[in-house]
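Okay, so here's the structure we're looking at.
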Amino acid sequence: MNLIVAVDKNWAIGKNGSLLVSIPEDMKLFRSETTGKVVVMGRKTLESFPGGNPLKNRTNIVITANPDYRKEGVTVCHSVEETLNELKQYDDEDIFIIGGETIYRQFLPYCSVAHVTKIDFAYEADTYFPNLDEDENWCVTQSSDEKTYFDLEYYFLKYENAKPETY
């Protein structure tokens with residue numbers, strides 16, 4: 001299982017239900033990595049998309065505690081266990097956890113690869129991703145050259161988990 005996330009230098013990922021910044025090359029990477037794959041997200045993440053609609057050309061799985069939640073074009077799950085059971089029908093490498101904070105934290109132990117866009121800037125934020133640099137099970141296995149978008153510097157990093165949990 002994979003996850004994909006953009007973080008600032010403090011591992012922040014969002015504020016007030018929105019991304020901290022939109023970098024075109026990061027969005028392009030997200031599309032290329034997840035198109036044709038399975039994306040797993042929380043309800044608030046889905047609702048943050050244009051029109052609150054699922055991502056095109058992907059299998060969208062949404063996790064919510066609301067037992068009455070329905071949305072066309074998505075598979076709804078109500079717990080980590082139910083979601084993990086649902087994911088058993090897909091190839092592990094085709095699954096991407098895409099947020100938000102709670103979903104990342106719940107599924108991080110099951111992920112073997114993390115695609116991280118690391119932005120060298122500290123934003124004002126209210127949601128965070130766990131700091132993989134402080135987790136002994138995770139290590140960087142690939143790093144892009146420094147990239148820039150206007151005055152922002154960022155890197156595409158690939159982290160790998162030495163001990164992913166099975167599901």
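The values are calculated or read from the model by the stated rules, or taken from the named source; none is laboratory data. The shown structure was predicted, so the numbers you read here are calculated from the model rather than taken from an experiment. Cβ atoms come from the backbone with ideal geometry, glycine included; neighbour counts cover every protein chain shown. Ligands, DNA and RNA are excluded from the accessible area calculation, which covers all protein heavy atoms including side chains. Shrake-Rupley method; radii C 1.70, N 1.55, O 1.52, S 1.80 Å.
Using DSSP to define loop residues, name the GluC sites (Glu not before Pro) in segment 35-110 whose beta-carbon has at most 15 other beta-carbon atoms within 10 Å.
Filter output for segment 35-110: E72.
Quantify, in whole percent, the carbon and sulfur part of the accessible surface of the chain (1.4 Å probe; protein heavy atoms only).
45 percent
What's the Cα-based Rg to Rh of segment 78-128, Rh via Kirkwood?
1.03
Loop only per DSSP, at most 11 neighbouring Cβ atoms within 10 Å: give me the trypsin sites (Lys or Arg not before Pro) in segment 14-108, ordered by residue number.
K56, R70, K88
Compute the convex hull volume of the Cα atoms of segment 28-116, divide it by the residue count, and report the result per residue in Å³ as a whole number.
Convex hull of Cα atoms, per residue: 100 Å³.
Please work out how much length the chain gains when fully extended from Q89 to A162, using 0.36 nm per residue of separation minus the C-alpha to C-alpha distance, in nm with one decimal.
23.9 nm
Going by a ≥ b ≥ c, the root eigenvalues of the Cα gyration tensor, does segment 68-167 fall in the rounded group (a/c under 1.5), the prolate group (a/b larger than b/c) or the oblate group?
prolate
What's the tally of Lys pairs in the chain whose alpha-carbon atoms lie under 13 angstrom apart, where the two lysines are 8 or more places apart or on different chains?
Lysine pairs satisfying the spacing and distance rule in the chain number 6.
Does segment 13-53 come out rounded, prolate or oblate by the C-alpha gyration tensor, with a ≥ b ≥ c the root eigenvalues, rounded set by a/c under 1.5 and, if not, prolate when a/b is larger than b/c and oblate if not?
oblate
In Å, the Kirkwood hydrodynamic radius of the chain over pairs of distinct alpha carbons?
Evaluated over the chain, this radius sits at 16.2 Å.
I'd like the FRET efficiency for S32 and D68, computed as 1/(1 + (r/R0)^6) with the beta carbon distance as r and R0 of 30 Å, rounded to 0.05.
Taking R0 as 30 Å, the efficiency between S32 and D68 is 0.30.
First obtain the Kirkwood hydrodynamic radius of segment 8-76 from its Cα pairs, then insert it into the Stokes-Einstein equation at 20 °C and 1.002 mPa s, and state the resulting D in µm² per second as a whole number.
It comes out at roughly 161 µm²/s.
Suppose we keep just the DSSP beta bridges with both residues in segment 1-95; what percent of those would be antiparallel, to 5?
So the antiparallel bridges in segment 1-95 amount to around 15 percent.
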